[in-house]
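Heads up: the structure comes next, in structure tokens.
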Amino acid sequence: MAIEGVGARVARKEDKRFITGAGRYVDDMVVPGMKHAAFVRSPHAHAQIKKIDVKKAQAMPGVIGVLTGKELKADGIGNLICGWMIHSKDGSPMKMGAWSPLAFDKVRYVGDAVVIVVAETKGQARDAAEAVEITYKELKAVVDASKAMDKGAPQIHPEAENNLIFDWDIGNADDTAAAFKKAAHVVKMDIINNRLVPNAMEPRAALGHYDKAEDHYTCWTTSQNPHVARLVMSAFYNVAPENKLRVIAPDVGGGFGSKIYIYPEELVCLWASKKTGVPVKWVADRTESFLTDAHGRDHHTHAEMAFDKDHKILGLKVETQANLGAYMSLFSSATPTYLYATLLSGQYNIPAIHANVKAIYTNTAPVDAYRGAGRPEATFVMERLMETAARQFGVSPAELRRKNFVTSFPHQTPVIMCYDAGDYAASLDAAMKASDYAGFAKRKAAAAKKGLLRGIGMSCYIEACGIAPSAAVGSLGAGVGLWESAEVRVNAVGTIEVLTGSHSHGQGHETTFAQLVNERFGVPIDSVSIVHGDTDKVQMGMGTYGSRSGAVGMSAIVKALDKVEAKAKKIAAHLLEADEGDIIIENGALKVAGTDKNVPWFQMALAAYTAHNLPGGMEPGLKETAFYDPSNFTFPAGCYICEVEVDPETGTTEIIQFVAADDFGNIINPMIVEGQVHGGIAQGIGQALLEGAHYDDSGQLLTASYMDYTMPRAGDLPSFKVSTSNTPCPGNPLGIKGCGEAGAIGSPPAVINAITDAIGSNDLGMPASPSTVWAAIRAVTKH
Amino acid sequence: MYSVNYHRAASVADAAKLVKSGDAKLLSGGMTLIPAMKTRLAAPSDLVDLSRIRDLQGIKVSGKTVTIGAATTHFDVANDDKLRKACPALAHLASLIGDPAVRHKGTIGGSIANNDPAADYPAALLALGATIITNKREIPADKFFKGLFETSLKDGEIVTAVTFTAPAKAAYEKFRNPASRYAIVGVFVAKGKDGVSVAVTGAGDDGVFRSKEIEAALAKNFDAASLAGVKVPAKNLMSDIHASSDYRANLIAVMAKRAVAAANA
Amino acid sequence: MSDISFVVNGRRVSGAAEDRTLLVHFLRENLGLTGSHVGCDTSQCGACVVHVDGKAVKSCTMLAAQASGSTIVTIEGLANGADLHPVQAAFKEHHGLQCGFCTPGMIMTATDMINRHPEGLDEATVRAELEGNICRCTGYHNIVKAILAASKTMSKVSKGKAKQAA
């Protein structure tokens, strides 16, 4: 392994600008003549707009423009769309209601954008926004998906009767019913997966600039996928044709899914820039983020698992209600279906599975993919069931899992996925060893002497990453392909630029992608620049989410590197008068194997551009492009163990240790991979212990700031013990599986299994805040 | 934030004059007022900044008498050697307010004048039987704190210091709201020459209060064991998404028990 | 409007701003020091932390006018001419950052924390002292590691200086 090559713990190239305050985020961008926007948002969860009067606002100091949805419609700007078609089990297409970027007839959740105000300063824009007079007729609201389908519930969109968007199923109902008939034991649970707010630390922002002379738009936006943003804004929202629209996602301060989607604000800022003749910048404040960033999770599930007398799983039945909020966000339909129910086989051999998912409109913020996206929900169902089953049977939770593990590959599950490689027992063993699982009983007894309840819980997760094979997702309803692109430019002096359609918003691509090049050509990573996030520089790409930048993004780079290498070897062979097949690349030079004849990398590059002495018929230059479309999903998996102490007097949970043993396939930079796991675990622990979006019955978000929404802080978390035991992924050239979401997927059930073990009650919701745990303990004591 | 006019007061007398204009508010550390203004929940016409008035800063301990200037920061209260000897419980309380950056700016005078029902200082001052000194008069703590965000301060009246007699024993135990980190329940216990007093913040639906049940139990014997089985009524306690009134009632008893143990340690 | 004058990163600057201007906005918009960030409205996230007269404060919770006359250090001036301050170097070495948005505030808080604890730091203290700084990427694991490492380096440096002085 080279010191900057694949597998090395290289410190990040991009860090210098972030640690010196020189990062450049959207809010740091300044364009001459730039003005500031504020949005007037609905204070009601559900209401008709009777009248919008902007006269007072227009007369306020500094105001340049006050624009409404009617004007937006008149200019032909399209509605926001969901890009994944789901068909209900009766064959009918999903019932998508209209989502106007600025509401003009009806508002459907608190925070729905209604009017944009552009003014000289942000303060003036906000002052004027308060002066916009909107007359609403309030309607009854519904926030709970289980109540939204009731008779007499408020109808949110005319297109979706009873607020039901789709009623979808997967697997085989008959086989599953038959399996349950044979069952010796059935374990049943009602499970709520709590609604979360992603909370990237950089709030969403957009700067729209229309250049009248060139008839050209530029949009700086906080996006995980600027090319998708351009595509959608061009093809569906009619902002501008692609050649007249440049989208730039500069440094982006975290995404976690919430910055995949194209929101009303960015396209309204672009449109408003044309209308007002000035560049328009909008930056969300934190409460706007809470109200309008796509939320995550929010499932209500009933699940039943059938076992034979030897505790082998026979079948699984799952009924889930997924709350999609007031509008269908870009990938909202895929999250509770193909990213969720296809993972319901977990790490286990399950002969028969049937899952039914109902997606439902409510008067809440739109819900879409948030770190893990469907897979945390599936893992929570599976791993709560397994732990509960072990307790009911009085057997070891580890052994019950081990008995049911998939052990031979490839393994076709009853829910589409075909697992390609893994060693689930290895992760389980590693986690049990690292946590000294065997010594737990002693530790529990010692805690009891201090009056504390100690518990241990595990979770064996699997996820499908590296999304995704384009034809496969196309057949399942995706409106886009999920390949990735790369371009490798070798300059005349031998330095290299790699252009990628992946986007880094914390993942460290500028380092790991350069490590690939170093490994291949021996060029120091300082001589390799990674270019991303700008549609004018990179032709096309699908962006970063679903743990895909390694498995898909880097595979595209590998393909382009293959082409560069082939041409470089041809040039070197010609210069060295050797056979192309004898050329090897070593220590920054192209050598004739077994001889001391060589040409340094930079000389070969120079030769490509001087073109004085190239093989006959070869084009000058050294630049190659590749598109990589994966052949399958990848399947990271692992085992997490959490040990807690609960203070029964206050209900406070302290995490004593948290162990993660993951299988990510091959790893480019272990330091960065560990960082991804740490962050994921913190979000998972956040979901389990701290975080929850809470609406009151009228649709007001009660947790709309950090005063009420509990973000994990340093003092809430321990240091984590992480390790990997890897089986290479056979499906891509690097053998990578992906690591971005695992932590958030695997950890919530481990935490809840630990607390329920400690308190002796299985009836515990998330977040397991002190008051919730205290109430659960009291319920047990009362019994 | 709405438009506002900023004034920096050179002295208490200067501040008293300035605060008469329009709908002016006094600004000390600003740790509560500025966030409220940022979210447009507060809209004073003028701000009169007290934080640079030297006379309002500093801690004096003479014998058992402690006097703390109103513009003394939480950081300085937490780290003052004389106070840590005379009344370590109060220094400890100050070290639990907000975070380090907040403690560098926030002041004791600002905190008590705001009388947030979840703030820490009101519990201490009430339990210590402190006196609040203003530019006009002296007010005993039990007459000063009045309900939620209400005090007996008159318009334009400026808190200049607080003073109290250091108790023989005291301690503060705080159970934080997991999100805001304010107190869901904070209990300050003090055992002085006039007996035991126990004040509770974060829980009362009318702000800080003294717990009669706990004081009665401790009057006989100032020992954590005296609180075994003591029930605090949930009536008149706040209930919200973070904590029910029953839970708060439980926490009052638990925090009181722990505070007494700490005071005796 | 207020006339504002202070020393930022060793340079005397002055300018006029609306009285309602927060220090963080003055730094970002008037002085172009965009390293200090705004991540919340409730003074809790700490992305805006700077040092005013030697103490860590939240520049989103202070008017620029309040700071007039003070000496301010922001993330841009922390290294004070050196390539990197030891805390910055430790964040890089220990992978204490991912998206970088909370990082300037984290580093300014960490530096203040280390300065206030010349006797050294332990993990529990570091975690407690990070109460006012929120990170969504790292799970704090490597931030804590970086601060502990920087604290050691800085105490070695200050001991070395003390020896030289003696």
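The values are calculated or read from the model by the stated rules, or taken from the named source; none is laboratory data. These figures come from a predicted structure and were not determined experimentally. As a convention, Cβ positions derive from the backbone with ideal geometry for all residues, glycine included, and neighbour counts pool all protein chains shown. Each accessible area value is taken on the protein alone, full model and side chains, heavy atoms only, with ligands, DNA and RNA left out. Shrake-Rupley method; radii C 1.70, N 1.55, O 1.52, S 1.80 Å.
Key figures for this structure:
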| item | result |
| --- | --- |
| Hits in segment A:1-21 (condition: facing chain C (nearest Cβ under 7 Å), free of Cβ contacts under 8 Å to residues at least 60 places away in the same chain and part of a loop (DSSP other than H, G, I, E, B)) | A:20, A:21 |
| Residue match in segment A:74-93 (condition: surrounded by fewer than 20 Cβ atoms within 10 Å (Cβ to Cβ), part of a loop (DSSP other than H, G, I, E, B), out of contact with any helix residue (DSSP H, G or I) (no Cβ under 8 Å at 6 or more places or on another chain) and of a type in the set (A, V, I, L, M, F, W, C)) | yes |
| Residues that are closer than 30 Å to residue A:121 by Cα and more than 28 Å from the chain's Cα centre (by Cα), drawn from segment A:272-305 | A:272, A:273, A:274, A:275, A:276, A:277, A:278, A:279, A:280 |
| Residue within segment A:716-728 that is within 13 Å of chain C (Cβ to nearest Cβ), open to solvent by less than 50 Å² (accessible area, probe 1.4 Å), in a helix (DSSP H, G or I) and more than 18 Å from residue B:242 (Cα to Cα) present | no |
| Enumeration of residues in segment A:229-254 that are open to solvent by 10 Å² or more (accessible area, probe 1.4 Å), farther than 22 Å from residue A:203 by Cα and not in a loop (DSSP other than H, G, I, E, B) | A:231, A:234, A:235, A:242, A:243, A:244 |
| Residue A:111 vs. criteria in contact (Cβ under 8 Å) with a residue 12 or more places away in the chain, in a loop (DSSP other than H, G, I, E, B) and not polar (S, T, N, Q) | yes |
| Lone unmet requirement of (1) within 14 Å of chain C (Cβ to nearest Cβ); (2) within 30 Å of residue A:392 (Cβ to Cβ) for residue A:193 | (1) |
| Among (1) touching a Gly at 6+ places or on another chain (Cβ under 8 Å); (2) farther than 20 Å from residue B:97 by Cα; (3) surrounded by 17 or more Cβ atoms within 10 Å (Cβ to Cβ) - the single one residue B:206 does not satisfy | (3) |
| Qualifying helices (runs of 4 or more DSSP H) (wholly inside segment B:1-111; at least 1 residues being buried (at least 17 other Cβ atoms within 10 Å of the Cβ), of a type in the set (A, V, I, L, M, F, W, C) and more than 13 Å from every other protein chain (Cβ to nearest Cβ)) | B:12-18, B:74-79, B:81-86, B:88-95 |
| Check on residue B:19, among the hydrophobic types (A, V, I, L, M, F, W, C) and over 22 Å from the mean Cα position of the chain (by Cα) | yes |
| Check on residue C:98, away from chain B (no Cβ under 14 Å) and under 30 Å from residue A:370 (Cβ atoms) | yes |
| Flag if residue A:459 is without any contact (Cβ under 8 Å) to a residue 60 or more places away in the chain and either crowded, with 20+ Cβ neighbours inside 10 Å or not assigned by TED's automatic domain parsing to the domain that holds residue A:85 (or both) | no |
| Residues (loosely packed, with under 12 Cβ neighbours inside 10 Å and either touching a Lys or Arg at 6+ places or on another chain (Cβ under 7 Å) or closer than 12 Å to residue B:254 by Cα (or both)) located in segment B:213-229 | B:225, B:228, B:229 |
| Residue within segment A:123-139 that is under 30 Å from the mean Cα position of the chain (by Cα) and at pLDDT 95 or above present | no |
| Out of A:169, A:174, sole residue that is under 30 Å from residue A:390 (Cα atoms), among the acidic types (Asp, Glu) and either in contact with a Cys (Cβ under 9 Å, 6 or more places away or on another chain) or free of Cβ contacts under 8 Å to residues at least 12 places away in the same chain (or both) | A:174 |
| Residue match in segment C:133-152 (condition: open to solvent by less than 10 Å² (accessible area, probe 1.4 Å), part of a helix (DSSP H, G or I), within 9 Å of another protein chain (Cβ to nearest Cβ) and under 18 Å from residue C:51 (Cβ atoms)) | no |
| Among the candidates A:487, A:586, residue that is closer than 25 Å to residue A:602 by Cβ and either in the same structural domain as residue A:220 (by TED's automatic domain parsing) or at pLDDT below 95 (or both) | A:586 |
| Subset tally (residues that are in a loop (DSSP other than H, G, I, E, B) and either modelled with pLDDT under 95 or acidic (Asp, Glu) (or both)) for segment A:153-197 | 1 |
| Residue within segment B:143-154 that is within 14 Å of chain A (Cβ to nearest Cβ) and outside any loop (DSSP other than H, G, I, E, B) present | no |
| Which listed residue is under 30 Å from residue B:40 (Cα atoms), open to solvent by less than 10 Å² (accessible area, probe 1.4 Å), within 14 Å of chain C (Cβ to nearest Cβ) and among the polar types (S, T, N, Q), from A:273, A:258 | A:258 |
| Subset tally (residues that are over 13 Å from residue C:154 (Cβ atoms), assigned to a helix (DSSP H, G or I) and within 11 Å of chain A (Cβ to nearest Cβ)) for segment C:63-93 | 6 |
| Count of residues meeting criterion [without any contact (Cβ under 8 Å) to a residue 24 or more places away in the chain and in a loop (DSSP other than H, G, I, E, B)] in segment C:1-31 | 3 |
| Candidate set from segment C:20-51 (those that are within 8 Å of another protein chain (Cβ to nearest Cβ), within 11 Å of the chain's Cα centre (by Cα) and closer than 12 Å to residue B:101 by Cα); member that is surrounded by the most Cβ atoms within 10 Å (Cβ to Cβ) | C:49 |
| Residues that are within 18 Å of residue C:143 (Cβ to Cβ) and more than 8 Å from chain C (Cβ to nearest Cβ), drawn from segment A:691-714 | none |
| Unmet requirement for residue C:13, which otherwise passes all of (1) among the β-branched types (Val, Ile, Thr); (2) within 10 Å of chain A (Cβ to nearest Cβ); (3) surrounded by fewer than 20 Cβ atoms within 10 Å (Cβ to Cβ) | (2) |
| Strands (runs of 3 or more DSSP E) wholly inside segment A:472-535 containing at least 3 residues that are more than 14 Å from chain C (Cβ to nearest Cβ) and charged (D, E, K, R) | A:484-490 |
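Per-residue answers, yes or no, for (1) more than 16 Å from the chain's Cα centre (by Cα); (2) open to solvent by less than 30 Å² (accessible area, probe 1.4 Å):
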| site | (1), (2) |
| --- | --- |
| B:136 | yes, no |
| B:139 | no, yes |
| B:148 | no, no |
| B:155 | yes, no |
| B:164 | no, yes |
| B:168 | yes, no |
| B:182 | no, no |
